[in-house]
Amino acid sequence: MSQPPDENGRLTGLLRALRVPEPSAEFLAGARRRYRDAIEGRDRRQVLTGLGAALVGLAVVVILLGPTIEPAALLASLAGVAADLARWTTGVGVVLALVPLALWASAALGSIAAILSLVFVARGDPSGS
């Protein structure tokens, strides 16, 4: 017959009262390493599974859109994207050429100062006061 559940915690108290040698530092270090390796392996599998699912989804979209888009239309849209990229590059080159270096330097230094101040505020007060 099965025993009734330990309602008053007597079994728990008796188990805690047993004297057991403490595990060695080598055992604890090995257990931590195995645990860390298992977690990394699980994360790696999750990332690869997600990447595989994304690639399968992309392949399905390409397969389903393949018959609906003519190759000429696809090439025309790629040519339009290339032309837009060329226009943007030319525009950026013109702006870089027209704005003096002193203004670029002051804008860059101001941006760096703002980012560093945000980093220091986000870190908080290390003294704890």
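The values are calculated or read from the model by the stated rules, or taken from the named source; none is laboratory data. The structure displayed is predicted, hence computed values, not measured ones. Positions of Cβ are generated from backbone atoms using ideal geometry, with glycine treated the same way; all protein chains shown enter the neighbour counts. All accessible areas refer to the heavy atoms of the entire protein, side chains included, with ligands and DNA or RNA removed. Shrake-Rupley method; radii C 1.70, N 1.55, O 1.52, S 1.80 Å.
Results, tabulated for the structure shown:
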quantity	calculated
Kirkwood hydrodynamic radius over Cα pairs of the chain, then Stokes diffusion coefficient at 4 °C and 1.567 mPa s, in µm²/s	53
Sum of -39500 (n - 2.57) over DSSP H runs of 4+, divided by residues of the chain (222 nm, nearest 500)	-27500 deg cm²/dmol
Proximal charge balance of Arg34 [Cβ under 13 Å; K/R count +1, D/E count -1]	+1
Accessible heavy-atom area order of Arg33, Arg19, Arg44, highest first, probe of 1.4 Å	Arg19, Arg44, Arg33
Rounded accessible area of Thr90 (nearest 10 Å², 1.4 Å probe)	90
Heavy-atom accessible area order for Glu26, Glu70, largest first, 1.4 Å probe	Glu26, Glu70
